[in-house]
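The values are calculated or read from the model by the stated rules, or taken from the named source; none is laboratory data. Just so you know, these numbers come straight off a predicted model, no measurement behind them. Heads up, the Cβs are rebuilt from the backbone with ideal geometry, glycines too, and the neighbour counts pull from every protein chain shown.
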Amino acid sequence: MQATTYQADLAKIKEYLLQIIQKQADTQAITWLNEKAQLTSDFNPRSFYIAFGAASRFFNKQPLSLSGAVLPAAKLRQGFQPDTWNLLQTARTCLLLHLPHTDEASYLNILNKLFETADMDEQVALYAALPLLPHPEALVARTADGIRTNMTTVFDAIALHNPYPADYLPEEAWNQMVLKAVFMQRPLYHIDGADQRANDKLARILIDFAHERWAAHRQVMPELWYFIAPYLNVDNIADIEKAVDQGEPLEKEAVLLACAQSPYAAAKTLLAQHPNIEKRIDDGTITWQYIGQSYHQ
Amino acid sequence: MNYIDPHIHAISRTTDDYEAMRDAGIVAIIEPAFWLGQPRTQVGSFQDYFSSLVGWERFRASQFGIQHYCTIGLNSKEANNEPLAEQVMELLPLYLGKEGVVAVGEIGYDDQTAAEDRFFRQQLEMAKDADLPVMIHTPHRDKKQGTTRSMDVCEEYKLSPDMVVIDHNNEETVREVLKRGFWAAFTIYPHTKMGSERMVEIVKQYGPERIIVNSAADWGVSDPLAVPKTANLMRKMGIPEEHIRLTCYQNALDSYGKSGQMKERDWLQPDRVDQRQKFSGNSVLRGGQTPKVDGSSDIVEN
């Protein structure tokens, strides 16, 4: 049997999540959760599926409060950010982490059944738990499929505040995720690991997309230029100039921020023509976070 | 005024319908699992259908400001394919406990065959185990007999009548249903089940207690605004406002609310806890699009 790949120490993650749950949930719910988690010694998939759904009868969807947590979540798994989670999905994640997983095939069978029969909130819980699950390589196709969803909350669970896609998705699926996030107008600055996964193919696709938007007399989402910044060159500098000339003020700032981060000389020249914006980039006022927050507020 | 349509197959309806429903005051709907106009041949078709009722269709409704609930069950027509029906019985428990599933339904009789009876009974057992209300589809043919038989079987299984909604009533069935303590739902569906004028007469005669109005709008010629339209007609015909509220809103909430899965605050204080599930930034309405379209204009928004 092949060795199991782990993304995190499961025991520590379970302990961490349980601590948070205990601060927010009532005793009856915690007892129920402990009971269901114990079932793993005499595991019955059917009871597990039912418990996974029925968790909504014990836990509400209050946002998770991490203020009392003993340590930052990212210490347990790089990029792990349960800040945006709710109590119910945390309880469901706890259950997931108790699944027997040493036999990869039967583990994946159970996960597949959960995904196939999941309601909207269950899908959110499942996809947001990706960075914690054992056998992460085996979940790539499932994630790529999840990206095809049109349910915003489900898409967000994969694409935003989630380190799994940057760590495991092949370039093709990663690019589709970013593109779809642009189409769905999602806040790109919440995509984890975006800097490491920028690539020239994605930059080229996004430039083409900008052309389509312009042809349709539509604006371009300013955050898009983040992914193009490392790939400014002779082929796209005309587009950059056009965006600076014709873009809305925020897009102009975004494009010039991309210029500031580009090693391409012509981009630097363009930036130098806008000293006021250059100054605000230099002093850290204009950042991608600022662009994203301003656009999505 | 707020309305609930506690029986509509919204999977067959367009976004225009959803907009019109919301404009007419519909705040919540219940989508019962039913057949799709032709019989399914694989259990996987049922699984995907149930999953869409608790997933995509619920999301789609939310984009128009409408809370979506559903009932899960094997309808009577498709119960006649017994090998398939047996597999569907295996599937049902996976869905009955899910959030927003407010009843087992719609179940009951169509031709009143032995197979229909077998799976009707099995599903009544499941409803008892899951502590869920039951939505009963009464047959089009031999309706009076089929309605009586449905209630007999519910009583045999010791289901409390206030946990059972008998649907698609008419003038011939309503008296017995109310007398036996069940909820009596009426479907305002052109040319087949009930017209809204007849509905007004029924409320005049029987009062509003335990009477529920729905549209059962589906893929046929039907009207997703049947509930608000009937309410308006009641108003014109002098039916007291409180009776309208009970028959077109409150009784649906009181009956299906017994599931614990449907609460008024779901629509009175939407997004109370999860701000990410907001009306904008969705994908049914592509980025930045607003849901209103001027019907008189030839311009399709860019």
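Of note:
- Residues that are more than 9 Å from every other protein chain (Cβ to nearest Cβ), crowded, with 23+ Cβ neighbours inside 10 Å and β-branched (Val, Ile, Thr) within region B:14-60 comprise B:Ile26, B:Ile29, B:Ile30, listed in sequence order.
- Sole exception among (1) outside any strand (DSSP E or B); (2) touching a helix residue (DSSP H, G or I) at 6+ places or on another chain (Cβ under 9 Å) for B:Ala28, by number: (1)
- Scanning region B:41-71 for residues that are under 21 Å from B:Met135 (Cα atoms) and touching a Phe, Trp or Tyr at 6+ places or on another chain (Cβ under 6 Å) yields a total of 2.
- Residue match in region B:195-212 (condition: outside any helix (DSSP H, G or I) and modelled with pLDDT under 95): yes
- Residue in region A:67-77 that is buried (at least 18 other Cβ atoms within 10 Å of the Cβ) and in a helix (DSSP H, G or I) present: yes
- Among the residues making up region B:6-25, those that are in a loop (DSSP other than H, G, I, E, B) and either over 17 Å from B:Ser52 (Cβ atoms) or free of Cβ contacts under 8 Å to residues at least 60 places away in the same chain (or both) are B:Pro6, B:His7, B:Thr14, B:Ala24, B:Gly25.
- B:Met1 vs. criteria more than 14 Å from chain A (Cβ to nearest Cβ) and assigned to a helix (DSSP H, G or I): no
Every residue, every condition in (1) farther than 23 Å from A:Gln196 by Cα; (2) crowded, with 20+ Cβ neighbours inside 10 Å; (3) modelled with pLDDT of 95 or more, yes or no:
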{"residue": "A:Ala238", "(1), (2), (3)": "yes, no, no"}
{"residue": "A:Lys242", "(1), (2), (3)": "yes, no, no"}
{"residue": "A:Asp245", "(1), (2), (3)": "yes, no, no"}
{"residue": "A:Glu248", "(1), (2), (3)": "yes, no, no"}
{"residue": "A:Ala254", "(1), (2), (3)": "no, yes, yes"}
{"residue": "A:Leu257", "(1), (2), (3)": "no, yes, yes"}
{"residue": "A:Ala260", "(1), (2), (3)": "no, no, yes"}
{"residue": "A:Pro263", "(1), (2), (3)": "no, no, no"}
{"residue": "A:Ala267", "(1), (2), (3)": "no, yes, yes"}
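- Applying the criterion of at least 2 residues that are within 14 Å of chain B (Cβ to nearest Cβ) and under 16 Å from A:Leu224 (Cβ atoms) to the helices (runs of 4 or more DSSP H) found wholly in region A:151-210 leaves A:171-183.
- Any hit, region A:224-231, residues being within 13 Å of chain B (Cβ to nearest Cβ), surrounded by 18 or more Cβ atoms within 10 Å (Cβ to Cβ), within 19 Å of A:Ala166 (Cα to Cα) and under 17 Å from the mean Cα position of the chain (by Cα): yes
- Residues (under 29 Å from A:Lys75 (Cβ atoms) and either aromatic (Phe, Trp, Tyr) or within 14 Å of another protein chain (Cβ to nearest Cβ) (or both)) located in region A:131-150: A:Gly146, A:Ile147
- Among residues of region B:61-81, those that are away from chain A (no Cβ under 14 Å) and in a helix (DSSP H, G or I), counted: 4
- Condition met for A:Phe80 (crowded, with 17+ Cβ neighbours inside 10 Å and outside any helix (DSSP H, G or I)): yes
- Count of residues meeting criterion [within 14 Å of chain B (Cβ to nearest Cβ) and surrounded by fewer than 17 Cβ atoms within 10 Å (Cβ to Cβ)] in region A:29-46: 3
- Qualifying positions in region B:215-264 - basic (Lys, Arg) and closer than 16 Å to B:Ala28 by Cβ: B:Arg245, B:Lys258, B:Lys263
- Between A:Gln24, A:Gln28, A:Gln38, the distinction of being modelled with pLDDT of 95 or more and either closer than 12 Å to A:Leu88 by Cα or in the same structural domain as A:Tyr107 (by TED's automatic domain parsing) (or both) belongs to A:Gln28 only.
- Applying the condition of being surrounded by fewer than 22 Cβ atoms within 10 Å (Cβ to Cβ) and charged (D, E, K, R) to region A:123-156 and asking which residue is farthest from A:Ala105 (Cα to Cα) yields A:Arg148.
- Region A:218-234: number of residues that are farther than 20 Å from A:Glu248 by Cβ and either free of Cβ contacts under 8 Å to residues at least 24 places away in the same chain or in a helix (DSSP H, G or I) (or both): 2
- Subset tally (residues that are in a loop (DSSP other than H, G, I, E, B) and closer than 20 Å to A:Leu188 by Cβ) for region A:277-295: 4
- Region A:47-92: number of residues that are within 20 Å of B:Val102 (Cβ to Cβ) and either away from chain B (no Cβ under 12 Å) or touching a strand residue (DSSP E or B) at 6+ places or on another chain (Cβ under 6 Å) (or both): 1
- Restricting region A:93-130 to residues that are farther than 20 Å from B:Val101 by Cβ and among the hydroxyl-bearing types (Ser, Thr, Tyr) leaves a set whose member that is nearest to the other protein chains (Cβ to nearest Cβ) is A:Tyr127.
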